[in-house]
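Accompanying notes for the structure given below.
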Amino acid sequence: MAAEILRGCGDMILSGDYLYNMNKIQPGLRANIVQFSLLVVINAFVGGMVGMERSILPQLAEAEFGIAAKTAVLSFIVAFGISKALANLFTGNLASRLGRKRLLLLGWTLGLPVPFLLMLAPSWGWVIAANILLGVHQGFAWSATVVMKIDLAGERDRGLAMGLNEFAGYLAVALAAFATGWLAGEYGLRPYPFYLGVALSVAGFLATLLLVRDTHAHVVAEAVTSQVSRLSHVFRDTTWRHRNLGTVTMTGLVNNLNDGMVWGLLPVLLVEKGFSLRETGILAAVYPAVWGIGQLFSGRLSDFVCKKDLMLWGMLLQGLALMGLAFAGSFATFSGLLALLGWGTAMVYPTFLASIAENTHPFDRAKSLGVFRFWRDMGYAIGALLTGILADTFGIPVSIVAIGILTFAAGLGANYRMRCRTENPTLWKWVGKKWVRKQAIEVKETRRKIHQYQFQPVL
């Protein structure tokens, strides 16, 4: 057992931070609440970094650089998606070689120049370069916070941990999108909206440097009792060969494919519909806000129900919402459909991460998460290219409908191939049990009141 643990530690130097008393390592949110809360805040800073450009960059391309073709406008998402995907692919090995904290610190170091490049860019090429850096920053920093929270949470609280992580990140995306949209409407597209990124990157770097502790010792402690088998080939198994891991990976790719389309085409569609920059900023924030807040509930729910059920219904809701967006016209209709899209995404996003963790050994987890996030975030690039070509050829509505149909089909495919690893009930059985239990409690309470009334003394 000791030799297996040492092999699993890979190239990690078990000294300093990593050799504090193993008997004191306790999994669970309550036992690690301080470090876990700190990582939630830091992940909010990570989300804010990508949110700062979400509502304004397509307009910046057209207004300041004269780029009209949808494929060219979406090139910044292609650059972001590919660089983030490749960064994710290396996070597993880097997490073992450098440690989780150093990987997070490296991510923040790469993020520091991004807002300055965006506010000072003399050409669209500078914006592309900034998004390559932003993608690597997001890959390293977000992956590090995900892995560290899973290390701290333990098996019982894993879904809740991922819900809190994604809640913080995507709520920050929404708030930053709203803030930069408002700033752009009041003061112009540059430079004021990007001052937010300067503050976030400095705060994230300093918090990581001064306050975060590495979590590798938690991995070693969990590996002693883990009943999950090691993967024979992490990349192949996570990509497709493992029934559950491969299904989660491909569904994640489709999810981010449609998110890349919404990121790039939604602001353009809203402007074409006659909405102002301020209204566009609000609508661009609705989707990630519901996505972020919804994960507080869906993450915990994934600890109690079969995870493939959440993936099925989440992808079906996304598909329906996307197809509806193609025909929407009013502010209220767009708000409702974007809220539905956000809830569908909230159902699947923490479920993806919790499913990967559930199906991997602690020593394979960081690498498997890296492979999953590689393919998932390649969806940004694939989605931007595919939807850009479709939008230029057939128009934005056709592009949105096509991706909606693909998303709907991905949900059905996940339901067919994936298997429940735990004995947790399906979503509807769980809801039924909750309803029956509630009815039983109400009946019991009614009987108690009747009994109390019948035997009440008459004065």
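The values are calculated or read from the model by the stated rules, or taken from the named source; none is laboratory data. Being a predicted model, the structure only gives us computed values, none of them experimental. Cβ sites come from the backbone with ideal geometry, for glycine too, and all protein chains shown count toward neighbours.
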Among what's in region 334-373 and is out of contact with any Leu (no Cβ under 6 Å at 6 or more places or on another chain) and assigned to a loop (DSSP other than H, G, I, E, B), pick the residue that is surrounded by the fewest Cβ atoms within 10 Å (Cβ to Cβ).
HIS361
Search region 162-193 for residues being of a type in the set (Phe, Trp, Tyr) and under 23 Å from ASP259 (Cβ atoms), and hand back the single one that is modelled with the lowest pLDDT.
TYR170
Looking only at region 293-314, count every residue that is in contact with a Leu (Cβ under 8 Å, 6 or more places away or on another chain), assigned to a helix (DSSP H, G or I), crowded, with 20+ Cβ neighbours inside 10 Å and of a type outside the set (Gly, Ala, Ser) and tell me the total.
5
Taking LEU118 and the conditions (1) in contact (Cβ under 8 Å) with a residue 12 or more places away in the chain; (2) surrounded by fewer than 20 Cβ atoms within 10 Å (Cβ to Cβ); (3) over 30 Å from HIS218 (Cβ atoms), which numbered condition does it fall short on, given that it satisfies the others?
(2)
What residue, among those in region 231-280 that are part of a loop (DSSP other than H, G, I, E, B) and modelled with pLDDT of 90 or more, is nearest to the chain's Cα centre (by Cα)?
HIS242
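Table: residues versus (1) within 16 Å of the chain's Cα centre (by Cα); (2) in contact (Cβ under 8 Å) with a residue 60 or more places away in the chain.
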position	(1), (2)
ARG300	yes, yes
GLN318	yes, yes
THR333	no, no
TRP343	yes, no
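Conditions (1) under 30 Å from ARG190 (Cα atoms); (2) in a helix (DSSP H, G or I), marked per residue:
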{"position": "LYS101", "(1), (2)": "no, yes"}
{"position": "LEU104", "(1), (2)": "yes, yes"}
{"position": "TRP126", "(1), (2)": "yes, yes"}
{"position": "GLU155", "(1), (2)": "no, no"}
Looking at LEU196, LEU134 in this structure, which one is buried (at least 24 other Cβ atoms within 10 Å of the Cβ), modelled with pLDDT of 90 or more and either under 23 Å from LEU57 (Cβ atoms) or touching a Phe, Trp or Tyr at 6+ places or on another chain (Cβ under 8 Å) (or both)?
LEU134
Is it true that PHE140 is under 23 Å from ALA354 (Cα atoms) and touching a residue at least 40 places away in the same chain (Cβ under 8 Å)?
yes
Restricting to region 382-397, name every residue that is surrounded by fewer than 24 Cβ atoms within 10 Å (Cβ to Cβ) and under 13 Å from LEU257 (Cα atoms).
ILE382, LEU385, LEU386
Conditions: (1) more than 17 Å from SER123 (Cβ to Cβ); (2) modelled with pLDDT of 85 or more; (3) touching a helix residue (DSSP H, G or I) at 6+ places or on another chain (Cβ under 7 Å). ARG97 meets all but one. Number of the miss?
(3)
Criterion first (crowded, with 20+ Cβ neighbours inside 10 Å, in contact (Cβ under 8 Å) with a residue 12 or more places away in the chain and not in a helix (DSSP H, G or I)) does VAL290 satisfy it?
no
Apart from one, (1) in contact with a Leu (Cβ under 9 Å, 6 or more places away or on another chain); (2) among the hydrophobic types (A, V, I, L, M, F, W, C); (3) under 27 Å from SER143 (Cβ atoms) all hold for PHE331; the odd one out is (3)
Please name all residue pairs, on different chains or six or more residues apart, with Cβ atoms under 7 Å, provided the first residue is in region 195-221 and is among the acidic types (Asp, Glu) and the second residue is not in a helix (DSSP H, G or I).
ASP214/GLY99
Within region 180-194, the residues that are assigned to a helix (DSSP H, G or I), of a type outside the set (Val, Ile, Thr) and in contact (Cβ under 8 Å) with a residue 60 or more places away in the chain are GLY181, TRP182, ALA184, GLY185, PRO193, PHE194
Unmet requirement for ALA153, which otherwise passes all of (1) over 25 Å from GLU279 (Cβ atoms); (2) at pLDDT 90 or above; (3) out of contact with any Lys or Arg (no Cβ under 8 Å at 6 or more places or on another chain); (4) not charged (D, E, K, R):
(2)
